[in-house]
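Input: a single structure, listed below in structure tokens.
The values are calculated or read from the model by the stated rules, or taken from the named source; none is laboratory data. Just so it is clear, the model here is predicted, and its values are computed rather than measured. When we count neighbours, we look across all protein chains shown, and the Cβ atoms used for this are built from the backbone with ideal geometry, even at glycine. Ligands, DNA and RNA are excluded from the accessible area calculation, which covers all protein heavy atoms including side chains. Shrake-Rupley method; radii C 1.70, N 1.55, O 1.52, S 1.80 Å.
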Amino acid sequence: IFSRFCGLASGVSYFLGFATPPFLRRAWQEPELRAFLGQAATLPRLPTTTAIIQALQHGVAASVGAPRAAIGIWHEDTNSLSFDLNGEVLDVPVRDDEPVGRSLLSQQPFFVPNLRWDMPAYSHLSRADRSTAILAAPITAGQKRLGVLAVYADRTPIFARDDLALVQLLADQAAVILESRALIDEAARVQAREEATRLKDDFLSAAAHDLKTPLTTLVGRTQLLERRALRAPDAPADLASIRAVLAEAQRLKTFVLELLDATRAERGQLVGRREEVDLRTLIEETVRRRDGGSHTIVVDTNGPVVGAYDPNRICQLLENLLENAMKYSPEHEIIEIKLARENHSANISVTDHGIGIPAADLTSIFDRFYRGTNVDDRRFAGLGLGLYICRGIVEQHGGKIWATSRPGEGTTIHITLPTSLNGDHDA
């Protein structure tokens with residue numbers, strides 16, 4: 001009796017494992033299928049298309065109860081399918097004499113219960129895990145062919161012909177997910193193009209406005225000098241007009257240099273050779289060049305702060321910050337520069353008591369071509385590049401820059417810079 005019982009149990013086990021009734025297989029598959037369909041809506045939001053395909057392959061294999069599934073993306077220009085096999089991308093030609101290619105070309109699902117290892121194409125897909133059976137279904141969105149879904153098994157009885165309808169359903173679901181991702185990517189590209197167009201239009205508008213003023217002055221003053229020279233060649237030089245022309249020419253030069261520096265900042269090429277310098281000395285030299293202006297600049301340092309920096313760019317950084325502080329604060333106001341050393345960092349702050357920056361603008365003022373929403377372009381000329389260049393100088397030195405402000409009360413620009421090339425020891 002015991003031997004008969006063991007034989008019966010063995011037969012039932014074989015029957016369930018190798019020739020499972022469809023109703024029982026469906027009961028096993030249903031939880032996995034529900035789980036896969038439940039997360040399908042979130043798949044288009046995965047970081048990359050590769051991640052989406054890997055998640056689809058895993059979900060399809062689990063839903064069908066197969067060891068492995070593979071999605072081949074069709075490339076019309078080369079008439080080939082690209083498979084991602086454990087991180088290795090394999091491109092294979094589409095052929096009509098094997099099931100995957102035939103499914104794509106005919107747009108019909110196929111079940112092949114006895115997959116030959118000597119097939120001229122795609123045999124590598126079965127050899128990887130000694131698969132002997134395959135279900136293949138086209139992935140199509142409307143009239144657009146996207147690829148093929150192939151599900152492999154290591155023995156024929158694991159599949160039944162009614163599994164073909166399930167695989168086609170999963171292939172249709174994959175088409176919806178891949179098309180959704182394509183629409184998301186296209187929307188992102190459109191948004192990026194619109195943003196680039198907006199930035200370009202803003203730049204052209206700002207550049208035209210800011211270049212127009214000095215150019216108008218240059219042309220007007222030059223024409224005046226020309227008329228005076230024609231009327232009285234021996235008359236003394238008009239120094240006032242010459243100085244005005246020189247000042248406007250300098251403004252134009254500054255605009256052009258800002259544009260060039262913005263390009264270098266975008267490429268990460270602002271900072272040149274570094275050398276050991278004292279930041280206190282650079283600050284004092286920069287302030288000395290500003291002496292005699294309409295603002296009082298107060299420097300607060302507690303001693304030398306030596307580090308490895310590009311001295312020309314650090315001076316440019318300080319010049320830009322002082323220029324902004326003076327531009328946006330009333331005449332005769334005090335501008336404060338503080339320098340302090342903390343561990344292996346140098347902390348610099350530049351404070352003015354001007355118009356301030358709205359809270360909503362604080363995260364954007366270091367962006368290229370961005371100007372505060374409270375800035376009147378008729379009063380304050382500029383391309384919106386000064387703080388963008390400052391950020392490039394600071395970050396390419398390995399530091400950080402940020403702003404704090406209260407509208408109507410003033411702004412403080414904060415900077416931290418490492419005091420050495422590696423940030424571990426003094427230069």
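Setting aside same-chain residues fewer than 8 positions from residue 338, which aspartates and glutamates have a Cα under 17 Å from its Cα?
278, 284, 285, 300, 319, 323, 352
Would you mind telling me the share, in percent, of accessible area of region 201-350 contributed by carbon and sulfur at probe 1.4 angstrom? It would help to have the intermediate numbers written out before the result.
Values: 4580 of 8800 Å².
So the carbon and sulfur contribution to the accessible surface is 52 percent.
Between 81, 52, 101, whose Cα lies farthest towards the positive end of the dipole of region 29-115 when Lys and Arg beta carbons carry +1 and Asp and Glu beta carbons carry -1, centred on the Cα centre?
My answer, from the dipole projection, is 52.
Any idea what Rg and Dmax come out to for region 212-335 if you just take the C-alpha atoms, in Å?
Cα-based Rg and Dmax for region 212-335 come out at 19.5, 61 Å.
Ignoring ligands and nucleic acids, what accessible area does residue 80 show with a 1.4 Å probe (Å², nearest 10)?
10 Å²
Which order do the peptides 337-349, 59-71, 231-243 come out in when sorted by mean C-beta neighbours inside 10 angstrom, highest first? Let's see the in-between values first.
Working: 337-349: 16.9, 59-71: 21.5, 231-243: 9.8.
Order by mean packing, descending: 59-71, 337-349, 231-243.
Would you tally the net charge around residue 233, using a Cβ to Cβ cut-off of less than 15 Å, leaving residue 233 out, and scoring K and R as +1, D and E as -1?
Values: positive: 227, 228, 231; negative: 226, 234, 238.
Result for the neighbourhood of residue 233: 0.
Note down the magnitude of the dipole of region 265-396 about its Cα centre, charges +1 on Lys and Arg C-beta and -1 on Asp and Glu C-beta and zero elsewhere, to the nearest 20 debye.
Values: 16 positive and 21 negative charges, 60 e Å.
I would put it at about 280 debye.
Grab the other residues whose beta carbon is less than 11 angstrom from that of residue 340, score K and R as +1, D and E as -1, and report the net.
Numbers: positive: 280, 338, 341; negative: 300, 342.
Combined, the nearby Lys, Arg, Asp and Glu give +1.
With every protein chain left in place, what is the accessible area of residue 371 in Å² (1.4 Å probe, nearest 10)?
50 Å²
Determine ³J(HN,Hα), in whole Hz, for all residues of region 328-342 in sequence, where each value follows from phi through the Karplus function 6.51 cos²θ - 1.76 cosθ + 1.60 and θ = phi - 60°; x replaces Gly and Pro.
Along region 328-342, the couplings run 9, 10, x, 4, 6, 6, 8, 10, 10, 10, 10, 10, 8, 9, 9 Hz.
Collect residues whose amide H, placed 1.01 Å from N in the peptide plane, falls under 5 Å from the amide H of residue 310; neighbours closer than 5 in sequence don't count.
Answer set, sorted by chain and number: 275.
Largest first, how would 402, 74 line up by accessible area (1.4 Å probe)?
Numbers: 402 110, 74 50 Å².
Heavy-atom accessible area, descending, gives 402, 74.
Determine the order of 78, 301, 419 by accessible area, beginning with the largest, at a probe radius of 1.4 Å.
Details: 78 90, 301 45, 419 0 Å².
Putting 78, 301, 419 in descending order of accessible area: 78, 301, 419.
As a test of reading the structure, rank 315, 390 by solvent-accessible area (1.4 Å probe, protein chains only), most first. Mind showing how you got there, number by number?
Details: 315 25, 390 0 Å².
Greatest to least solvent exposure: 315, 390.
Out of residues 5 or more away from residue 154 or on other chains, whose amide H comes under 5 Å of its own, with H placed 1.01 Å from N in the peptide plane?
Those lying under 5 Å, H to H, from residue 154 are 132.
Using only protein heavy atoms and a 1.4 Å probe, report how much of residue 395 is accessible, in Å² to the nearest 10.
100 Å²
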